[in-house]
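The values are calculated or read from the model by the stated rules, or taken from the named source; none is laboratory data. Since this is a predicted model, take the numbers as computed values, not measurements. We place every Cβ from the backbone using ideal geometry, glycine too, and count neighbours over all the protein chains shown. Ligands, DNA and RNA are excluded from the accessible area calculation, which covers all protein heavy atoms including side chains. Shrake-Rupley method; radii C 1.70, N 1.55, O 1.52, S 1.80 Å.
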Amino acid sequence: MTTKTTGDGLRIEVSIPHPDAVLVGGVWRPSRGGQWRPVISPATERPVTDVVVPTAADADDAVTAATEAFTGEWPRLPVGRRAEVVSRFADLLEERLDELTRLWAVEAGIPVRWGRTLHRFAAVTAWRTALATAESALAAESRSTPVGPVSIEYEAVGPVVAVMPYNGPLPTIGCKVIPALLAGSTVVVKAAPESALTMRLVSECAVAAGFPPGVLSILAADADVSAHLVRDPRVEVVSFTGGPRAAAEILRQTADNLPRTVFELGGKSPAILLDDVDLEMSLRALVAGSMSGAGQVCAALSRILVPAGRHDEIADALATAYRALRIGDPAENDTDHGPLANRVAYDRTEAAVRTAVADGAEIVCGGKRPDARPDGWFYEPTLLTGADPRDRVAQEEIFGPVAVLLPYDDVDEAVRIADGTRYGLAASVFTADPERGLAVARRLRSGSVAINTFGPTMAAPFGGVKRSGWGRECGPEGIREFAAAKQVLLG
């Protein structure tokens with residue numbers, strides 16, 4: 001099947017493999033009870049094509065396949081042999097990155113310009129780093145003890161369920177799925193329904209890579225399938241990216257079975273501009289860090305902390321930069337700002353801004369649907385001022401194109417405001433003095449801090465503190481999340 005979408009004079013055609021099937025244990029097969037559903041373009045609110053949505057019965061079959069495969073050769077292969085198959089998978093994904101990026105624009109509304117950047121610097125970096133570090137991360141360690149030498153061996157834990165969000169399916173493949181596979185786990189991917197087309201191309205690459213039967217299943221399904229999967233007693237690891245409420249529900253659902261959990265739960269990430277900041281040099285990173293993907297980024301710099309004496313200057317500069325972003329069809333190469341992924345995200349953003357204004361905030365720019373976009377889930381890049389750091393708009397993740405400017409009097413107050421939320425996923429510090437920036441970064445309670453840029457990098461361990469989750473993705477630490485350390489005492 002080919003999907004076609006017409007934007008402002010642009011026509012896209014991408015072949016969609018197996019729209020009527022699901023990938024279970026590496027094999028395309030009919031869904032057990034799955035219904036056809038239209039894929040809706042966020043840019044037009046009109047159907048693009050139809051696909052079958054997997055069911056709980058398909059999920060049962062996927063876990064059965066993963067459980068059986070875990071008793072087979074895959075966990076027992078040398079790491080290098082597993083890496084050969086995973087490397088083929090990565091090669092095939094990279095060969096089809098352009099198609100994958102364009103499909104993501106069609107079904108999730110992410111502009112191709114941002115998609116290409118994210119795929120190059122996040123997805124490819126994540127899986128290439130995992131492939132480069134897997135053997136050393138999983139190598140046995142020898143230690144001396146009072147009762148004899150010990151060998152520390154790293155072994156796969158068991159079947160993994162990877163629950164992925166719509167806002168970055170390929171980077172999440174690099175952060176969750178490929179590290180788990182390299183560690184020797186078998187994996188059931190539960191992708192978001194907004195990734196149904198993208199994940200079918202990913203599935204085609206997985207089949208061509210030649211994983212042994214049962215090792216990898218990919219289901220782009222609804223939340224009820226996630227709940228069904230995480231409750232399965234055969235699952236040994238649940239790796240989840242989403243919100244704290246959903247994570248709390250997973251903990252309740254898994255309480256009896258006690259699988260390992262790895263949670264990346266979003267953030268309310270601060271950007272601290274110190275008083276010596278070169279604003280012109282920082283604007284590019286600030287705008288990209290706060291508005292890329294229409295703010296649908298877990299590490300988005302949604303709180304911008306500025307010296308009180310430079311507040312108006314920075315507000316004017318940011319508003320000018322936000323207004324300059326080109327809003328348009330996400331499939332067009334020169335579009336900077338596309339729609340939100342679905343109606344829920346649009347309504348949530350609109351409600352958050354409405355509440356912020358009722359609480360006393362002022363809209364400097366944005367705050368509404370673009371006049372030229374009566375259709376689609378478009379929302380203008382929005383800058384708010386006048387909010388109290390304790391207001392909801394400065395405390396709760398919106399996951400939309402909304403940034404709030406917060407003034408501070410000194411660095412101590414900036415750190416208090418930055419740390420004054422339940423989240424701790426990412427942060428940035430902008431300054432003319434990198435050593436000063438490093439000193440501030442070390443004071444922040446955050447899983448990652450970037451200095452004079454925005455992050456994180458997917459070449460190093462990434463994750464949150466506080467309600468932003470636990471466990472780490474990427475780097476050798478991300479691979480070891482799916483392995484158990486076994487001591488072998490050589491008495």
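Assorted remarks:
- A single member of Val393, Val404, Val415 is surrounded by fewer than 22 Cβ atoms within 10 Å (Cβ to Cβ), modelled with pLDDT of 95 or more and more than 21 Å from Ile178 (Cβ to Cβ), and it is Val415.
- Pairs linking a residue in the stretch 330-359 that is touching a residue at least 60 places away in the same chain (Cβ under 8 Å) and surrounded by 22 or more Cβ atoms within 10 Å (Cβ to Cβ) to a residue that is among the charged types (D, E, K, R) and in a helix (DSSP H, G or I), with Cβ atoms under 6 Å and 6 or more positions apart or on different chains, are Ala341/Glu194.
- Any hit, the stretch 81-96, residues being closer than 21 Å to Val189 by Cβ, more than 26 Å from the chain's Cα centre (by Cα) and of a type outside the set (Val, Ile, Thr): no
- Residue count for the stretch 22-43, restricted to those that are buried (at least 19 other Cβ atoms within 10 Å of the Cβ) and either among the hydroxyl-bearing types (Ser, Thr, Tyr) or within 23 Å of Ala206 (Cβ to Cβ) (or both): 9.
- Among the strands (runs of 3 or more DSSP E) confined to the stretch 196-268, the ones with at least 1 residues that are more than 29 Å from Arg467 (Cβ to Cβ) and touching a helix residue (DSSP H, G or I) at 6+ places or on another chain (Cβ under 7 Å) are located at 216-220.
- The set of residues from the stretch 360-381 being under 13 Å from Ala43 (Cβ atoms) and open to solvent by 60 Å² or more (accessible area, probe 1.4 Å) comprises Ala372, Pro374, Asp375.
- Test: residue in the stretch 157-180 that is among the aliphatic types (A, V, I, L, M), part of a loop (DSSP other than H, G, I, E, B), open to solvent by 20 Å² or more (accessible area, probe 1.4 Å) and out of contact with any His (no Cβ under 6 Å at 6 or more places or on another chain): yes
- Scan the stretch 201-238 for residues that are more than 26 Å from Asp98 (Cα to Cα), in contact (Cβ under 8 Å) with a residue 24 or more places away in the chain and open to solvent by 60 Å² or more (accessible area, probe 1.4 Å) and the total you get is 6.
- The residue list Phe430, Phe462 contains one member that is surrounded by 23 or more Cβ atoms within 10 Å (Cβ to Cβ), in contact (Cβ under 8 Å) with a residue 40 or more places away in the chain and within 23 Å of Arg128 (Cα to Cα), which is Phe462.
- Number of positions in the stretch 435-468 that are outside any helix (DSSP H, G or I) and under 21 Å from Ser292 (Cβ atoms): 18
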